[in-house]
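Asker: This is the structure, below, for whatever I ask next.
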Amino acid sequence: MDEAWSAVENAETKTLKDLFAAEPDRLERLTIDEAGIRFDFAKTHLSRAEVDAFAALAGAADLAGRRDALFGGDIANPTEGRAAEHTAERGEGAPESVARARQLHARMRTLIDAIEAEAFGPVRHILHVGIGGSALGPDFLVDALGRDAGRYDTAIVSNVDGSALEEAVAGFDPHSTLLVIASKTFTTTETMLNASSALAWMEEGGVEDPLGRVIALTASPEKALEFGIDETRVLPFSESVGGRFSLWSSIGFPAALALGWDAFESLLEGAAAMDRHFRLAPPERNAPVLAAFVDRYYADVRGAETRAVFAYDERLRLLPPYLQQLEMESNGKSVRVDGSPVGRATAAITWGGVGTDAQHAVFQLLHQGTHLVPVEFVAAIEPGDSLDPEHHRQLLINCFAQGAALMAGRGSDDPHRFYPGDRPSTTILLGRVDARTLGALIAFYEHRVFANAALLGINPFDQFGVELGKEMAKALDGRNALDFDPSTEALIARAFDAE
Ligand code: F6P
């Protein structure tokens, strides 16, 4: 492994301009068209030699073996002793996991049909409470696709700040609201508090049996039953589907309801197409694997601490926050699977925003700042609005111009007007923003995370790092651990002593 990493670290590095000049087939080699998406890695510093070195590293790290174990339903999450079954949700996995996922999807669909047939009375509003992986995926999908197809007013509330819930229900009629409680564990404090306040809001609004209008999405169905939700309205999913990989399972219910079952199926099909690409394409023609090479190159070889994702499409504005959880919760680790220190940079800090807005806010630093930031542009060829086509043309023109400017730079005798250039970017160009293409896009990001983890030898499927803070909050809540540091003690006293 050390030898393979040395080859990666020592492969000759040229400027982007020199790479284009030296490698006439560069664009062709580093552009992949798959599942309705163009992935263009040509404006990154991956030379032919670098790709070869990374391919050798992938071999040494047994990326292919780990990938086969993932799709074969073996223990892909060893620290929790579980498989990782998100691909089985889209029909690509161990046959028994696929069969179980299909059964659970059938239950989802039956419930959706019943809601559409008004079996629970009229439903106009969907109030979804959940947090992290139990909110970010559905939120992204409904926001991206619900503009055209949204059949219900959908509000997704995650923050425990009561203002979030108050705002969400402000325009809702409690009598025609369906409350969806999404929590893999069904114990998450924020979600359980939001759920009980939402139930209280329904009760105060005169709904006779609020619990009769609740749907639970969970891998702990017994807890939902204890909560008082009828079994027919509890939609389980497998414990082996990780929270941030769960939008394909019953956690996708609000999206399936709001967008329609056909859209949900298209989402799964798009993801399955990307699964097959990831499983079958050789490393040098494999979009998630090449993207992982780019990530590792900038994080490890060039020491970039962050990576920035800009969605040049309003419909994709929730992509950066979605990716923040997927990438940082998965690979923000310091030890390898065997517990030994990983000894190199793991996940970069993912940040970003929406183009063109970000151009007028943060791009100064990207063009002239001292940090190296690999940038990712995500755009779509088809517009999302029916206004003057000039709007969408301008969006794409700006997106492409920024990538070109970052690479080209511009010389000047005036240091204030000098652009160093040679700054890398990847462009991901969707044919259109529809369910199938988004399924493929999200699956691409999942596999990229997995490929990064395999190269680093870490487990992307656990998240023990979030537990300590939760435990401290519980201890503080019960005031049963009064040995916090002096600063925290003073803050507690300042905020609560008047209670
Ligand atoms: O705190 C992190 C986390 O465990 C995420 O991994 C998860 O997506 C989120 O909390 C919500 O958890 P749950 O779905 O169990 O409520």
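The values are calculated or read from the model by the stated rules, or taken from the named source; none is laboratory data. Everything numeric in this text was worked out from a predicted model, so none of it was measured. As a convention, Cβ positions derive from the backbone with ideal geometry for all residues, glycine included, and neighbour counts pool all protein chains shown. These accessible areas exclude ligands, DNA and RNA; they are computed on the full protein's heavy atoms, side chains included. Shrake-Rupley method; radii C 1.70, N 1.55, O 1.52, S 1.80 Å.
Asker: Restricting to segment 29-51, what's the tally of residues that are in contact (Cβ under 8 Å) with a residue 24 or more places away in the chain and under 19 Å from TYR298 (Cα atoms)?
Answerer: 13
Asker: Do we have any residue at all in segment 46-57 that's within 25 Å of the chain's Cα centre (by Cα) and open to solvent by less than 60 Å² (accessible area, probe 1.4 Å)?
Answerer: Yes: one or more hits.
Asker: A further question on this structure: I need a count of the residues in segment 433-476 that are more than 16 Å from the ligand (Cβ to nearest atom) and exposed (fewer than 15 other Cβ atoms within 10 Å of the Cβ).
Answerer: Residues in segment 433-476 being more than 16 Å from the ligand (Cβ to nearest atom) and exposed (fewer than 15 other Cβ atoms within 10 Å of the Cβ): 1 in total.
Asker: Please return the ranges of helices (runs of 4 or more DSSP H) entirely within segment 1-88 where 3 or more residues are in contact with a helix residue (DSSP H, G or I) (Cβ under 7 Å, 6 or more places away or on another chain).
Answerer: 2-10, 16-22, 48-60, 63-72
Asker: Scan segment 7-35 for residues that are within 29 Å of ARG279 (Cβ to Cβ), surrounded by fewer than 19 Cβ atoms within 10 Å (Cβ to Cβ) and among the small types (Gly, Ala, Ser) and jot them down.
Answerer: Matches in segment 7-35: ALA7 only.
Asker: Here's a follow-up. For the structure I just gave you, tell me whether ALA263 is over 27 Å from LEU30 (Cα atoms), open to solvent by 10 Å² or more (accessible area, probe 1.4 Å) and in a helix (DSSP H, G or I).
Answerer: yes
Asker: Can we say ARG279 is assigned by TED's automatic domain parsing to the domain that holds PHE377 and touching a helix residue (DSSP H, G or I) at 6+ places or on another chain (Cβ under 9 Å)?
Answerer: Here the answer is yes, as ARG279 does meet what is asked.
Asker: I need every pair where a residue in segment 164-186 that is of a type in the set (Asp, Glu) has its Cβ under 7 Å from the Cβ of a residue that is in a strand (DSSP E or B), sequence separation at least 6 or different chains.
Answerer: So the pair list comes out as ASP173/HIS125.
Asker: Sticking with this structure for a sec: Between a residue in segment 211-229 that is at positive phi and of a type outside the set (Asp, Glu) and any residue that is at pLDDT 95 or above and open to solvent by 40 Å² or more (accessible area, probe 1.4 Å), which pairs come within a Cβ distance under 8 Å, given they are 6 or more apart or on different chains?
Answerer: Short answer, once both residue conditions are applied: GLY228/LEU211.
Asker: Can you find, within segment 184-197, the residue that is nearest to the ligand (Cβ to nearest atom) among those that are hydrophobic (A, V, I, L, M, F, W, C) and under 21 Å from PRO236 (Cβ atoms)?
Answerer: Result: PHE186.
Asker: In addition: How about segment 186-238: which of its residues are farther than 27 Å from GLY171 by Cα, surrounded by 15 or more Cβ atoms within 10 Å (Cβ to Cβ) and among the charged types (D, E, K, R)?
Answerer: Result: LYS223, single match.
Asker: Sort out which residues of segment 323-353 are open to solvent by 30 Å² or more (accessible area, probe 1.4 Å), in a loop (DSSP other than H, G, I, E, B) and not β-branched (Val, Ile, Thr), and write them in order of number.
Answerer: GLY332, LYS333, SER334, ARG336, ASP338, GLY339, SER340, GLY343, ARG344, ALA345, ALA347
Asker: If you scan segment 239-255, which residues turn out to be in contact with a strand residue (DSSP E or B) (Cβ under 9 Å, 6 or more places away or on another chain) and either open to solvent by less than 40 Å² (accessible area, probe 1.4 Å) or away from the ligand (no atom under 14 Å from the Cβ) (or both)?
Answerer: Listed by number, the residues that qualify are SER240, GLY242, SER246, SER249, SER250, ILE251, GLY252, PHE253, PRO254, ALA255.
Asker: If the requirement is being within 16 Å of the ligand (Cβ to nearest atom), under 23 Å from the mean Cα position of the chain (by Cα) and among the hydrophobic types (A, V, I, L, M, F, W, C), which of these qualifies: ILE215, ILE181?
Answerer: Residue meeting the stated conditions: ILE181.
Asker: Here's something else I'd like to know. Of all the residues that make up segment 422-432, how many are assigned to a loop (DSSP other than H, G, I, E, B) and open to solvent by 10 Å² or more (accessible area, probe 1.4 Å)?
Answerer: So the count comes out to 4.
Asker: So how many residues does segment 128-142 have that are more than 10 Å from the ligand (Cβ to nearest atom) and open to solvent by 10 Å² or more (accessible area, probe 1.4 Å)?
Answerer: Going through segment 128-142 one residue at a time, the tally reaches 2.
Asker: Can LEU145 be described as within 18 Å of ALA440 (Cα to Cα), surrounded by 14 or more Cβ atoms within 10 Å (Cβ to Cβ), of a type in the set (A, V, I, L, M) and within 22 Å of the chain's Cα centre (by Cα)?
Answerer: The answer is yes for LEU145.
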